[in-house]
Amino acid sequence: MADNLSDTLKKLKITAVDRTDDSLEGCLDCLLQALAQSNMETSEKIQGSGILQLFASLLIPQSSCTAKVANIIAEIAKNEFMRIPCVDAGLISPLVQLLNSKDQEVLLQTGRALGNICYDSHSLQAQLINMGVIPTLVKLLGIHCENAALTEMCLVAFGNLAELESSKEQFASTNIAEELVKLFKKQIEHDKREMVFEVLAPLAENDAIKLQLVEAGLVECLLEIVQQKVDSDKEEDIAELKTASDLMVLLLLGDESMQKLFEGGKGNVFQKVLSWIPSNNHQLQLAGALAIANFARNDGNCIHMVDNGIVEKLMDLLDRHVEDGNVTVQHAALSALRNLAIPVVNKAKMLSAGVTEAVLKFLKSEMPPVQFKLLGTLRMLIDAQAEAAEQLGKNFKLVERLVEWCEAKDHAGVMGESNRLLSALIRHSKSKDVIKTIVQSGGVKHLVTMATSEHVIMQNEALVALALIAALELGIAEKDLESAKLVQILHRLLADERSAPEIKYNSMVLICALMGSEPLHKEVQDLAFLDVVSKLRSHENKSVAQQASLTEQRLAVES
């Protein structure tokens, strides 16, 4: 066999130059046979023989051997060590040219060859994209949709190329959405549909393509699959239901595609998704709640949905998951409620529907994602709602849990949201009872720490809450403010040139409020506040400059 192979390779060198097609064909058949018997060994011999360079000249549309040459390249490029040599031999460019061939066998082998050479190499795949293979392949898919092998070759190529960000714009300028939806509708077998799904998912991450897929009718296909598979307990049906409903949610992540499907809340798709929420299928409940959270990305949609009873549906769903604790469903339903609570007109409606009570059932959850959304929902609900803020702020169980979560060092999100909710309870209620509850639960030190946050918005919320504490209940908070070193922190914030104007302003307001406490007053005197404050009188921000004058007078009088 080995001698035979050496002879073939020698012979091939001669015939490749003469282009005598018959003897050439015989040589190529020998090579394919040898590769079939031991691919790796034969590939090494081919590489050693220097014949790869000759292949470039054989890859021409006119030759009857082209398909076989491409097939040989596809076979040897299954070996990783042969991929760079194929590139160095200049095979990529002639292979890309052959994608314009009309011959289906040539197309199939060419696609395989390119796929194997560029397998796992982002830089080579990017090179193919720059050479324009995407529009060419999309055209091929349209022309040869009856040829199963070619269709599969295109899908595998799309799946690989779609992983590259640079491919998305090129795909968006072709009619890939239409072709894929057409193809998807034709597939009856699960495995074939799976292949199309694997291309759709990465492409649908692009907003322009999301809209194209919606316009091409993908959503109707997905809803049909859900309909067919919802009651099945076959493993592949359950998997397909998940894939279809996940893709549906992904399409709703784009603003335009989402608005198109909402259709003013009258849309068939929106109605279908609503019916998923009360279903008994966890995957559909999850997709339904996530879809609602995505529809709830603008005020108009939120107001319409709340007026049409979505809140009750979501609360029923949450109720079904208090005990069994399906975390993903809890998280999704809370996400939807949080988004719905953003428009001002929705807050009172949701409060009177009993959303706070429904949400508080999850206070005992140990799952950070659920804790995070629970906190966010409560914070949205009490925004400028004094009564609700007061009720929650006097809820000892809630406040204790918040203080505990303010120490969740491993979960910055939960920690940040707990701090923000503590501050919001005080800011929106302006209530002495709320302040007492928070002081008794040990919340003051967390608000002081929050004043040093790297986020200006959080610093500000903390300073305003602390100023309210100092104005309304300074006596009971005095010790905690002292041990948390608030005065030193304020000195630092005022002295730091990088502090935002509103931070300087609120720090000075707070300093004035602290003067009513003897120990804190003494601390203010011990640190040379006058120097820092008088410098701020000439601050470019008018409010800061004015507050500096007032604070300076106050400090001078009290000293």
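The values are calculated or read from the model by the stated rules, or taken from the named source; none is laboratory data. Here the structure is a predicted model, which is why all the values come from computation and not from measurement. Reconstructed Cβ throughout: ideal geometry from the backbone, glycine too, with neighbour counts over all protein chains shown. Heads up: the accessible areas ignore ligands, DNA and RNA and are worked out on the full protein's heavy atoms, side chains in. Shrake-Rupley method; radii C 1.70, N 1.55, O 1.52, S 1.80 Å.
What the table shows:
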quantity: For the stretch 97-222: rounded, prolate or oblate by the Cα gyration tensor [a/c cutoff 1.5]; calculated: oblate
quantity: Those residues of the stretch 144-172 whose amide nitrogen sits under 19 Å from the label point placed on Ser121, 7 Å along Cα→Cβ; calculated: 157-167
quantity: Sorted largest first, extent of the stretch 249-345 alpha carbons per principal axis (Å); calculated: 36, 27, 19
quantity: 0 to 90° range, to nearest 10: angle between helix 218-229 axis and the chain longest Cα axis; calculated: 90 degrees
quantity: Geometric extent, Cα atoms of the chain - Rg, Dmax (angstrom); calculated: 34.0, 109
quantity: Projected label distance in nm at Ser453 and Asn175, using a 7 Å step from Cα toward the beta-carbon; calculated: 5.2 nm
quantity: Tensor-based shape of the stretch 181-292 (alpha-carbon gyration tensor, a/c under 1.5 rounded, otherwise prolate or oblate); calculated: oblate
quantity: Candidates per trypsin sites (Lys or Arg not before Pro) in the stretch 207-295, loop by DSSP, up to 15 other Cβ within 10 Å; calculated: Lys234, Lys266
quantity: The stretch 276-281 - phi-based ³J(HN,Hα) in whole Hz, Karplus 6.51/-1.76/1.60, Gly and Pro as x; calculated: 6, 4, x, 5, 9, 9
quantity: The stretch 368-458 shape via C-alpha gyration tensor axes, a/c threshold 1.5; calculated: rounded
quantity: Mean accessible surface per residue for the chain, computed with a 1.4 Å probe while every protein chain stays in place, in Å²; calculated: 45 Å²
quantity: Phi-based couplings in Hz for the stretch 375-387 (Karplus 6.51, -1.76, 1.60; Gly and Pro marked x); calculated: 5, x, 5, 4, 5, 5, 5, 8, 4, 6, 10, 4, 5
quantity: Protein accessible area in the chain, 1.4 Å probe - carbon and sulfur %; calculated: 51 percent
quantity: Per DSSP, loop GluC sites (Glu not before Pro) in the stretch 142-238 with at most 14 further Cβ within 10 Å; calculated: Glu146, Glu163, Glu189, Glu205
